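Written below as structure tokens is the structure these notes are about.
The values are calculated or read from the model by the stated rules, or taken from the named source; none is laboratory data. Just so we're clear, the structure is a prediction, and the values are computed from it rather than from any experiment. No Cβ is skipped: glycine too gets one built from the backbone with ideal geometry, and neighbour counts run over all protein chains shown.
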Amino acid sequence: MMNSRICEMLDIEFPLVAFTHCRDVVVAVSKAGGCGVLGAVGMSPEQLEKELKWIDEHIDGKPYGVDVLIPNKMVGKDEKFDADKLAKMIPQEYADFRTDVLENHGIDAPELREIDTGGSGFAQNTQSDGAKALLDVAFKHPIKIIANALGVPPDWMIQMGKDNDCKVAALLGTAEHAINQVKAGVDILVVSGTEAGGHCGSVSTMVLIPEVHQAIQPYGDVPILAAGGIVTGKQMAAAMAMGASGAWCGSVWLTTIESEVEPVIKEKMVAANSSQTVRSRSRTGKHSRQLVTPWTQAWEADSAPEPLPMPLQPMVAEPALQKVNKLAAGGHEGAKDLATYWVGQGVGLMNQSISASDVVQDFKEDFVNAYERLNNFLES
């Protein structure tokens, strides 16, 4: 076990935490000495139970966790969930725009001109009742960590963690947010730079890690997991030299053999460079980094409607992108062009598809090599 507070808190050998939507990656990373964390926001409680049961049966008792998404601000946050009410808040121009984008790439999708409750499962799970239902399922299993992917976890989530002897982590993108997280009682800070895939802020990882580490000292030395563009052990070592106690990585698992990502997306990622991602509100209503494709470019055009706030924008984007992904998997050329997925700028270093356990081993070896390289600078 490495001498890291993250290793001690999570009972793991190497302080590498893997955020993923794939249960196979969770198991592979945890068995290789890290800690897999399953993203649950897109699942129903029944689906989550099925996934966690499978993980328990295959993980050999190794530590793992669950990630939810409970924003501090979004439309209808404090109201009872009503998918029909949310759907009525979406102007017709958004349904027409998404349909036109697909039709311009040879996809016939007249059903998308109708505004319905498609994509509302995401919306429901980002509200307190939906997230509580997911966590109620999660705590029936031996999880070691729960994480909130967007904002300060609500008091009830932090209390659930304490009641179940489970560490509570939260993602953040500014020093101010970090202080708020520490004051709220979070156990682990996931400090995510703008290079990160998915939801991210505007400050680079290189700047953000030492800034947060310094800012939180008067309030408590809560351990930091560095995130944002980290896909190698040498980057992890650099982050730990700046104040982190480990790394939280998501993008690097997307091109692994086990990954849930469609082959067409994997191929795009393996071929992509670090400039081929964009930080856009077009998918969730909040800034999230994803692969640049004609879909993202259409939403960046001057003629495009301004993305709606969360959770309305996912109700616009997800039904269209689900259709795109299904057709892309079948070989439709227009759909293959449009297909996108969340990924960070580290994609430029993700040049092959290997197993998740091999990725962990590469991280370990790369970390040691970086440590030895720095040591060499100090030798006379």
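For region 13-22, a residue qualifies if it is surrounded by fewer than 24 Cβ atoms within 10 Å (Cβ to Cβ) and within 14 Å of the chain's Cα centre (by Cα), and the qualifying residues are H21, C22. Output the residues belonging to region 257-297 that are within 19 Å of G228 (Cα to Cα) and among the β-branched types (V, I, T). Listed by number, the residues that qualify are V270, T277, V278, T284, V292.
What about I265, is it crowded, with 19+ Cβ neighbours inside 10 Å, more than 29 Å from C22 (Cβ to Cβ) and either modelled with pLDDT of 95 or more or out of contact with any Cys (no Cβ under 6 Å at 6 or more places or on another chain) (or both)?
Numbers: crowded, with 19+ Cβ neighbours inside 10 Å: yes; more than 29 Å from C22 (Cβ to Cβ): no; either modelled with pLDDT of 95 or more or out of contact with any Cys (no Cβ under 6 Å at 6 or more places or on another chain) (or both): yes.
Taking the combined requirement at face value, the residue does not satisfy it.
Cβ separations smaller than 9 Å between residues 6+ apart or across chains give the following pairs from region 211-236 residues that are under 14 Å from E176 (Cα atoms) and modelled with pLDDT of 95 or more to residues that are surrounded by fewer than 24 Cβ atoms within 10 Å (Cβ to Cβ) and of a type in the set (D, E): H213/D221; A215/E176.
If you filter region 268-279 down to residues that are touching a residue at least 24 places away in the same chain (Cβ under 8 Å) and either farther than 13 Å from V343 by Cα or touching a helix residue (DSSP H, G or I) at 6+ places or on another chain (Cβ under 6 Å) (or both), you find that the one that is surrounded by the fewest Cβ atoms within 10 Å (Cβ to Cβ) is N273. Restricted to region 48-125, the set of helices (runs of 4 or more DSSP H) holding at least 1 residues that are modelled with pLDDT under 95 and touching a helix residue (DSSP H, G or I) at 6+ places or on another chain (Cβ under 8 Å) comprises 83-88, 120-125.
Which residue out of A169, A133 is of a type in the set (G, A, S) and either touching a strand residue (DSSP E or B) at 6+ places or on another chain (Cβ under 8 Å) or assigned to a loop (DSSP other than H, G, I, E, B) (or both)?
Numbers: A133 fails: either touching a strand residue (DSSP E or B) at 6+ places or on another chain (Cβ under 8 Å) or assigned to a loop (DSSP other than H, G, I, E, B) (or both).
Only one candidate qualifies: A169.
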